[in-house]
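Report on one structure; see the data block that follows.
FYI, it's all coordinate maths here, none of it is from the lab. No experiment lies behind these values; they were computed from the predicted model shown. FYI the Cβ positions are ideal-geometry reconstructions off the backbone, even for glycines, and counts take in every protein chain you see.
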Amino acid sequence: MENPDVWFDWLLAGMAVTAVVVFVALHFVEAGYGIMYSRRWGASVNNRLGWVLMESPVFFAMLALWLCSPRRLETAPVVMALLFMLHYFQRSFIFPLLIKGNSRMPLSIIVMGVTFNLINAVMQGGWIFYISPAGRYPADWLQSAPFIAGTAIFFAGMAINLHSDHIIRNLRRPGDTRHYIPRGGMFRYVSSANYFGEVVEWTGFAILTWSWAGAVFALWTFANLAPRARKINSRYRLEFGDEFSTLNLKSILPFIY
């Protein structure tokens, strides 16, 4: 059997190339969930259930990789895994309970999401607990500049994401079905502040792990969300006209994109 490090390197390279392909493709295809929901994507389930089905597998996959690893008691790897799992615990089990309305999520989107999430669990958990060289993350890694800076960026991104989701959830009063322009927080600078928060969050994770695995995940996050954010920005321009255009908001990166 070949060195697992070689296979892991090929996995990271393949996922990086795929992220670029996805970034280009999503400028021409609308992922049919959320505000872009479309029946053309096939059978669907309630949005709350959809998020649980799509996001929870990565939480349990990382948990399994952690518990089965000979490094499962090493402090720094455990802390990094817990940060990863913190995001997905919120996204899998708390976020769905907060969703308002009766929107739907296509099963095809769920399947694609689960597939990526499981591969990503292998990338992140595989690197942290199995592939990284022995001694790569000693206990004093938690005092290193990359970990401290990356963790600060990670939590800043999480805070932006959670606050932006809160703003979006409270745009409508009960029974109201109209669309509104999100305002406040990072929505002062971008029309998809929730997505900006995720990009910041996983950039922080890439820094705190100081790994190619983390960098590929950050790249994937941007590749998946940036085209969608651009389409949402265009949709707002069509729907709200000058009311939105005069705000001069970028799509996902303040002042840039």
- Mean separation of Cα pairs under 8 Å and 6+ residues apart, divided by the residue count of the chain: what relative contact order is that in percent? 23 percent
- In terms of the ratio Rg/(2.2 N^0.38 Å) built on C-alpha atoms, what value belongs to the chain? 1.04
- Message: Once you keep just the Cα pairs under 8 angstrom separated by 6 or more residues, what percentage relative contact order results for segment 194-257?
- Response: 29 percent
- Nearest 10, in degrees from 0 to 90: the angle of helix 75-89 to the longest Cα principal axis of the chain is 20 degrees
- Query: Using the count of nearby Cβ atoms within 10 Å as a rough guide to exposure, how do Ser251, Ser69, Ser144 rank from fewest to most?
  - Reply: Ser144, Ser69, Ser251
- Query: Against the longest principal axis of the chain, how steep is helix 47-67, in degrees 0 to 90 to the nearest 10, with axes from Cα atoms?
  - Reply: 10 degrees
- Task: For segment 140-257, restrict the atom set to alpha-carbon positions and state the Rg and Dmax in Å.
- Result: 16.0, 53
- Query: Given labels modelled 7 Å from the Cα in the Cβ direction, how far is it in nm from Ala152 to Ser234?
  - Reply: 3.8 nm
- Message: List the GluC sites (Glu not before Pro) within segment 1-101 that DSSP assigns to loop and that have no more than 14 neighbouring Cβ atoms inside 10 Å.
- Response: Glu2
- Item | Over 24 Å [Cα-Cα, segment 39-137], rounded percent | 31 percent
- Of the chymotrypsin sites (Phe, Trp or Tyr not before Pro) in segment 23-116, which ones lie in a loop per DSSP and count no more than 14 other C-beta atoms within 10 Å? Phe28
- Message: With the crude spin-label approximation of a point 7 Å out along Cα→Cβ, what separation in nm comes out for Arg169 versus Leu73?
- Response: 3.9 nm
- Message: Only Cα pairs within less than 10 Å get springs; with that Gaussian network setup on the chain, which residue of Val122, Val24, Val216 has the largest fluctuation?
- Response: Val24
- Query: Distance from the Cα centre of segment 130-157 to that of segment 50-92, in angstrom?
  - Reply: 16 Å
- Query: Between Ser103 and Thr177, what is the label-to-label distance in nm when each label sits 7 Å out along the Cα-to-Cβ direction?
  - Reply: 1.5 nm
- Mind checking the angle between helix 193-209 and the chain's longest principal axis? C-alpha axes, 0 to 90 degrees, to the nearest 10. 10 degrees
